[in-house]
1. Using only Cα atoms, tell me the angle between helix 28-43 and the longest principal axis of the chain; keep it within 0 to 90° and round to the nearest 10.
2. Could you list LEU19, LEU37 in order of exposure, starting from the residue whose Cβ has the fewest other Cβ atoms within 10 Å?
3. Would you mind getting me the FRET efficiency between MET44 and SER232? Use the beta-carbon distance for r and R0 = 35 Å, nearest 0.05.
4. Long-range amide H contacts for ASN25: which residues qualify at under 5 Å (H placed 1.01 Å from N, peptide plane, sequence gap of 5 or more or a different chain)?
5. Sort all Cα-Cα distances of the chain into consecutive 10 angstrom bins from zero, then give the percent of pairs in each bin up to the one containing the longest distance.
6. Springs between alpha-carbon pairs under 10 angstrom, Gaussian network model over the chain: which of GLY38, GLY290, GLY147 fluctuates most?
7. Per DSSP H run of at least 4 residues, take -39500 (n - 2.57); add these up for the chain, divide by its residues and hand me the 222 nm value, nearest 500 deg cm²/dmol.
8. Stretched out fully, how many nm does the piece from GLU95 to PHE203 gain, at 0.36 nm a residue minus the Cα gap?
Amino acid sequence: MQSPVSKIADLIRRSDRFLVSSHANPDGDAIGSTVALGHILAHMGKEVVLYNRSGMPKQFDWLDMPGPIHNSLVGCEANWIFVLDCGTQHRVGEELFRIMGTRPMANVDHHLGNPMFGQFNWVDETYPAVAAMIADLADELEVPLVGPLAEAIYLGIVTDTGFFTFDSTTPSVMELAARLIRLGLNPGLVNAKIRNQWSINRFRLWGESFATTELYFGGQVAVGFVTRAMMSRTDTTPADCEEIVNFLRRLRGARAAVILREEPDGSYKFSIRSTGKDNVQVVAALFDGGGHRNAAGGTISADIQTAKERLIEALGESLGLV
Ligand code: 5GP
Ligand code: MN
């Protein structure tokens, strides 16, 4: 039987116009895999448009791009749409979601519970990052993993493995990183470009949000939050909230960490992190969210107090703390 990566390689060889997209509020894997696939397609002489509903976050502006990331689909004439790193089709944002189904779509993802919304689906949760899937695709298409393509792939894998600290850090992803380094990538330089992107505003927001942290179940669950008022006071955006939750995990004795971020409509987007066997994906799923065993999220339409209580109760039950 033909492997998914070889099928997708065939699909790419047969077509000539592509749209490459990922989820709104993109993280390093979303941007890294989008840009990496863009480079592969451009290298092959294909026409490619990159798209993200939220545009290109400033922190990634050091990436060498095959073209700009558009935040509008007006005039888009792709004959294949690639959707990368999206555990559900809604995460692409409304504009692209609306035209789904009008054109063939390839869904390339590594999230548990992906509903296989594409005409073509390559979903494999054994990959720690979609960028690592794109690296396999580059190999299949014989595009060398060097230069800007290598940096984009590296960005995706270090982001989704927490710089090789999460459980998702597999031997293969470290072998991939080793290969990129052997082929010329400078990890010191690229890590610095990826990490040293903080604004003073972000420091201030993090200070406020750390101050909201409370411990439950004898310190086994840590919960903090970010309100719209905090973001407007510090002149920051949801992108500045990413990673806060990973720092709450550093509290000694905390098995799960939660951060809740207020959305423009007053609902709360939550992120949960855990380690090892503690499955927080099932907790997120109770609120129609999803993700991975140790990193999951979703949205709760309630005030902060209620949203917190509901999550704490669900976590307590799921982790056997009550
Ligand atoms: P984060 O907490 O960083 O937003 O996301 C952690 C993981 O949970 C990611 O893999 C992300 O795809 C997933 N996730 C976050 N929010 C949602 C959501 O609302 N729905 C689903 N299905 N997955 C989510
Ligand atoms: Mn990812």
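1. Rounded to the nearest ten degrees, it is 0.
2. Ranking LEU19, LEU37 by Cβ neighbours within 10 Å, fewest first, gives LEU19, LEU37.
3. About 0.20, to the nearest 0.05.
4. SER54
5. That works out to 6, 27, 34, 24, 9, 1, in percent per bin.
6. Result: GLY147 has the largest fluctuation of those listed.
7. -11500 deg cm²/dmol
8. Residue separation times 0.36 nm, minus the Cα-Cα distance, leaves 35.6 nm.
Only the coordinates and a few stated rules stand behind these numbers; no lab work does. Being a predicted model, the structure only gives us computed values, none of them experimental. Virtual Cβ from ideal backbone geometry, glycine too; neighbours counted across all protein chains shown.
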